[in-house]
Amino acid sequence: TTWTQIHNFGIGVDRARRGQLGISLLINPSFQYTVLPLPIYQESKYILPCQCQNYLIICTYLPPAIADQTCFDLLTDALEYYAQHYDFDHILLCGDFNTRLGDFVGDKRQNSRYQLFLDFIQGHCLTLHNIEHAFGIPTYVKSTEASPIDKSSIIDFFLSTHPSDMEGISMSINTNVYLGSDHKMVYFELPHDFNLPPSPNNHPRLLWNLNKFQQSSDNPSRHLDTIRQYRNHITPLLHDFSQLMDPSILCSKPDYDHQQAYINYLNTTLIELVHSSLDATIQRHVPRPKNWKWFYTQSLADACRQRERLYKKWKNANQFNKILFWKQFQEAAENVRSQIDKSKRFYFRQFCDKLSTSEFSKASNKLKHIKRNKARPISNVFQHIDGPQAAVDSITVSWQDTYDGKYLNPAVEQIPVEYPSSASGFDTSIRFDVEDVAYAIKCLPTNKAPGFDHIKSEMLKPITDLIAPILHQFFSLCWRFATIPTDYNHAQVIPIYKKGPINDPKNHRPISLICSFRKIYEICIYNVLQPRSVTLDPVQGGFRNQRSTLDQALCLQELILRYKQKHKEFPTLLFLDIKSAYDTTDRNIIWKALRDINIDTPLLTTMQLLFNHVQIEVLLNGHVSSSPFNPTTGVLQGSTLSPHLYSIYINSLAQALRNEPTSTRSIYSQVRAPPSEMTHPHDDVVILGNARNTQALLDMAEQHSISLGYRWNPLKSAIILPPHLQS
């Protein structure tokens with residue numbers, strides 16, 4: 001469905017195809033206001049709370065099996081909880097209460113929940129709208145072959161804090177539709193005074209039919225013809241473009257600003273010629289419309305309409321035709337169920353086949369994602385009560401506070417960017433060649449979101465041999481004249497949910513989408529930097545070859561065993577986590593460390609230009625920040641260079657802890673265990689100590705964080721005492 005879905009998932013039943021409980025809320029795409037899911041009070045399976053501006057909405061299912069008093073105690077406690085933690089003016093409760101109110105609503109009888117329900121609505125000043133607008137109309141109808149209304153009751157209610165005679169309120173119950181349930185569809189309209197959502201600041205993603213570059217099972221050679229056309233089209237364009245990259249043109253520019261403007265022009269021209277070649281060969285791809293359906297096919301829609309048509313015929317038929325139409329209706333209903341089951345099996349088999357043929361890491365990540373979403377009733381996308389644009393701007397403000405450098409140590413030396421002293425640029429030639437650029441293009445991952453330039457690796461790999469010399473020539477100009485295209489410093493940051501409350505911006509990791517050409521440049525620079533860089537401490541395990549998470553865990557175990565053998569007791573383990581590690585990094589400490597080992601000036605200048613002048617805008621569901629910002633601290637998450645630069649930044653921690661004077665027997669190990677895809681920083685530090693020096697080690701770790709300008713995260717840190725101290 002294209003409707004927004006919010007779920008409180010039910011629970012499974014042993015040896016049964018269907019589970020029990022579970023509540024779902026579907027929101028029409030035409031509803032332009034944001035419905036914000038709220039945390040479920042005590043993780044109850046009986047309520048589904050959400051908020052829409054100044055309305056608290058609670059969808060409810062109170063099964064007959066739970067005690068009557070428990071039902072309304074839960075609703076009362078939930079309302080008190082949300083009143084204390086959220087701001088709202090009105091309450092709307094709806095759902096199946098399994099409460100029969102007899103003559104109060106025009107029902108046939110009462111049940112044991114009658115008085116408790118009346119006390120509940122009176123205690124919270126709620127209005128039961130069934131009385132005024134749908135009195136005596138059943139909401140539950142159990143049909144049989146002989147009678148459409150063999151058993152009926154009124155158990156589905158709408159309650160709100162509005163008076164029943166408020167203008168604009170209406171309620172109706174449609175008993176002429178089946179929908180596969182004995183509960184009938186209830187329509188309820190309520191006037192509101194919502195504020196219009198802010199106008200969106202959209203960033204449309206440009207798409208092309210890149211599948212034409214891939215081999216087809218029907219025609220294995222078809223993609224070769226498409227690639228040949230693409231190469232033939234772009235070859236003369238690249239040749240003409242190469243004429244624009246004569247170094248004498250930049251030498252003739254009067255100042256640095258004009259050189260920067262010309263580099264931006266070259267970058268824009270290169271992007272446009274790639275786009276134009278794609279347009280001419282594989283054409284642009286129009287995104288699927290929001291009403292596109294993959295499961296609810298036309299065949300299934302026709303079967304549902306036939307079922308509803310026969311249901312109405314049977315319901316309105318005279319006594320002699322009821323048996324005939326009942327049989328036809330049952331056959332139509334069975335046909336719908338059969339088609340749904342068939343589609344489920346087909347798509348599940350298709351899903352399993354795709355998992356079995358994909359990479360193991362991708363398959364395991366997909367299963368992990370499904371399991372995590374099942375355990376969470378709401379989407380992991382950051383939302384705001386005032387709409388998607390407000391969500392983007394809210395998380396932008398929060399992240400701007402993270403990047404503002406509040407923890408910086410003012411005593412740290414500021415390392416200025418060293419530009420060429422002459423108009424002809426640096427004398428040192430670029431440290432990589434065309435083959436290195438071609439290798440970098442091949443290293444680019446596939447099926448990844450593009451950056452600001454909309455260029456993906458799939459667009460460059462078919463023309464690697466053609467574009468690698470062009471990029472090498474362009475990178476040589478950037479290196480020589482100490483300029484970086486402005487687009488390279490334009491980072492679109494997407495929030496990736498970690499854990500904790502979803503609507504807290506601090507619980508989302510900022511991952512940068514950067515231009516593909518910058519990625520290629522970074523890979524080349526990294527290969528130049530690594531052999532010339534600072535020697536990393538042996539205990540650093542993060543983002544280093546042949547040092548996987550398992551290797552580090554085994555290393556830690558070995559250190560613990562050696563400590564036990566030497567000291568006849570187990571060590572105290574201090575697990576520390578650095579708060580917003582990449583985002584609070586003081587780049588001047590990195591530049592100083594590289595300068596102190598006499599790294600090439602053009603190389604250092606290039607890295608400073610790549611990281612010191614970044615502009616960040618948040619990208620969320622096609623909306624971008626109204627006000628992008630320039631971070632004072634941090635290295636980009638998603639950058640090829642960032643892991644190594646961060647390792648340089650934190651490198652002095654190991655030596656600082658080794659110098660702990662209170663005990664010569666302390667053993668230290670820093671374990672940085674990156675995820676399997678090695679895209680995010682995992683900044684965990686493990687310190688081995690004993691009862692005598694534990695506090696001293698913690699004090700030294702604190703002093704190190706203050707001197708470098710970062711902070712430890714107490715919520716993600718822990719101390720594990722040895723067995724002899726635990727008792």
Review point. Given segment 444-540, what helices (runs of 4 or more DSSP H) lie entirely inside it while holding 2 or more residues that are among the hydroxyl-bearing types (Ser, Thr, Tyr) and surrounded by 21 or more Cβ atoms within 10 Å (Cβ to Cβ)?
Key: 516-529
Check your understanding: Which of the residues spanning segment 560-619 are in contact with a strand residue (DSSP E or B) (Cβ under 6 Å, 6 or more places away or on another chain) and of a type in the set (Ser, Thr, Tyr)?
Key -> Tyr563, Thr572
Point to revise | Those strands (runs of 3 or more DSSP E) lying entirely in segment 92-175 with at least 3 residues within 28 Å of Asn54 (Cα to Cα) and modelled with pLDDT of 90 or more | key: 156-160
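Across segment 497-518, what is the number of residues that are in contact (Cβ under 8 Å) with a residue 24 or more places away in the chain and within 22 Å of the chain's Cα centre (by Cα)?
Applying the first criterion (in contact (Cβ under 8 Å) with a residue 24 or more places away in the chain) to segment 497-518 yields 497, 501-503, 505-506, 508-518.
Filter once more, keeping what is within 22 Å of the chain's Cα centre (by Cα): 497, 501-503, 505-506, 508-516.
Qualifying residue count for the region: 15.
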Study note, to complete from the structure: Among the residues of segment 612-626, the number that are in contact with a helix residue (DSSP H, G or I) (Cβ under 7 Å, 6 or more places away or on another chain) and surrounded by fewer than 21 Cβ atoms within 10 Å (Cβ to Cβ) is 7
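Go through segment 195-236 and give me each residue that's in contact with a strand residue (DSSP E or B) (Cβ under 8 Å, 6 or more places away or on another chain) and modelled with pLDDT under 85. First the steps, then the outcome.
Within segment 195-236, the subset in contact with a strand residue (DSSP E or B) (Cβ under 8 Å, 6 or more places away or on another chain) is 200-203, 206-209.
If the condition is that a residue be in contact with a strand residue (DSSP E or B) (Cβ under 8 Å, 6 or more places away or on another chain) and modelled with pLDDT under 85, then Pro200, Asn201, Asn202, His203 are the ones that fit.
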Exercise for review: Those residues that are at pLDDT below 85, charged (D, E, K, R) and over 30 Å from Ala696 (Cβ atoms), I need them from segment 613-658; list them, please.
Suggested key: none
Practice item. Could you check how many residues of segment 708-717 are among the small types (Gly, Ala, Ser) and more than 22 Å from Gln655 (Cα to Cα)? Key: 0
Practice item. Scan segment 559-604 residue by residue and report those that are farther than 23 Å from Ile511 by Cα and basic (Lys, Arg). Key: Arg562, Lys564, Lys566, Lys568, Lys592, Arg595
**Study point:** Residue that is farthest from Ile484 (Cα to Cα), among those in segment 539-551 that are touching a residue at least 60 places away in the same chain (Cβ under 8 Å) and over 28 Å from the mean Cα position of the chain (by Cα)
**Key:** Val539
**Study point:** Residue in segment 178-191 that is out of contact with any Leu (no Cβ under 9 Å at 6 or more places or on another chain) and on the phi > 0 side of the Ramachandran plot present
**Key:** yes
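Going by what's in this entry, would Asp465 be described as free of Cβ contacts under 8 Å to residues at least 40 places away in the same chain and more than 25 Å from Leu273 (Cβ to Cβ)? It would help to see each step written out before you state the result.
Details: free of Cβ contacts under 8 Å to residues at least 40 places away in the same chain: yes; more than 25 Å from Leu273 (Cβ to Cβ): no.
It is false that Asp465 is free of Cβ contacts under 8 Å to residues at least 40 places away in the same chain and more than 25 Å from Leu273 (Cβ to Cβ).
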Check your understanding: What are the residue pairs meeting all of these: first residue in segment 156-172, first residue without any contact (Cβ under 8 Å) to a residue 40 or more places away in the chain, second residue surrounded by 13 or more Cβ atoms within 10 Å (Cβ to Cβ) and of a type in the set (Gly, Ala, Ser), Cβ atoms under 7 Å, and 6 or more apart or on different chains?
Key -> Ser172/Ala134
Practice item. Take the residues in segment 313-364 that are hydroxyl-bearing (Ser, Thr, Tyr) and part of a helix (DSSP H, G or I), then tell me which one is farthest from Gly180 (Cα to Cα). Key: Ser361
Point to revise | Top-ranked residue in segment 541-580 [being within 21 Å of Gln637 (Cα to Cα) and touching a Ser or Thr at 6+ places or on another chain (Cβ under 6 Å); ranked as surrounded by the most Cβ atoms within 10 Å (Cβ to Cβ)] | key: Leu576
Review point. For segment 337-363, which residues satisfy the criterion of being surrounded by 11 or more Cβ atoms within 10 Å (Cβ to Cβ), farther than 25 Å from Glu308 by Cα and not hydrophobic (A, V, I, L, M, F, W, C)?
Key: Tyr347, Lys354, Ser358, Ser361, Lys362
Practice item. List the number of the failed condition for Leu224; all other conditions in (1) farther than 30 Å from Cys94 by Cβ; (2) of a type in the set (A, V, I, L, M, F, W, C); (3) surrounded by 14 or more Cβ atoms within 10 Å (Cβ to Cβ) hold. Key: (3)
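Can we say Ser242 is in contact with a helix residue (DSSP H, G or I) (Cβ under 7 Å, 6 or more places away or on another chain), closer than 24 Å to Leu471 by Cβ and loosely packed, with under 14 Cβ neighbours inside 10 Å?
yes
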Exercise for review: Could you tell me which of the residues Gln400, Gln389, Gln383 is assigned to a helix (DSSP H, G or I), surrounded by 20 or more Cβ atoms within 10 Å (Cβ to Cβ) and within 30 Å of the chain's Cα centre (by Cα)?
Suggested key: Gln389
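So which residues in segment 261-285 are among the β-branched types (Val, Ile, Thr), within 17 Å of Ile227 (Cβ to Cβ) and part of a helix (DSSP H, G or I), if there are any at all?
Of the residues in segment 261-285, the ones among the β-branched types (Val, Ile, Thr) are 263, 268-269, 271, 274, 281-282.
Subset that is within 17 Å of Ile227 (Cβ to Cβ): 274, 281-282.
Correct list: Val274, Thr281.
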Exercise for review: Show the residue pairs that are 6+ apart or on different chains and have beta-carbon atoms under 6 Å apart, the first residue being within segment 245-262 and touching a residue at least 24 places away in the same chain (Cβ under 8 Å) and of a type outside the set (Gly, Ala, Ser), the second being surrounded by 14 or more Cβ atoms within 10 Å (Cβ to Cβ) and outside any helix (DSSP H, G or I).
Suggested key: Cys251/Ala423; Gln259/Lys253; Gln259/Thr483; Gln260/Thr483
Point to revise | Test: Leu36 is closer than 20 Å to Leu159 by Cβ and crowded, with 17+ Cβ neighbours inside 10 Å | key: no
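The values are calculated or read from the model by the stated rules, or taken from the named source; none is laboratory data. Since the structure is predicted, the reported quantities are computational estimates derived from the model, not experimental observations. Every residue, glycine among them, receives a Cβ derived from its backbone with ideal geometry; neighbour counts consider all protein chains shown.
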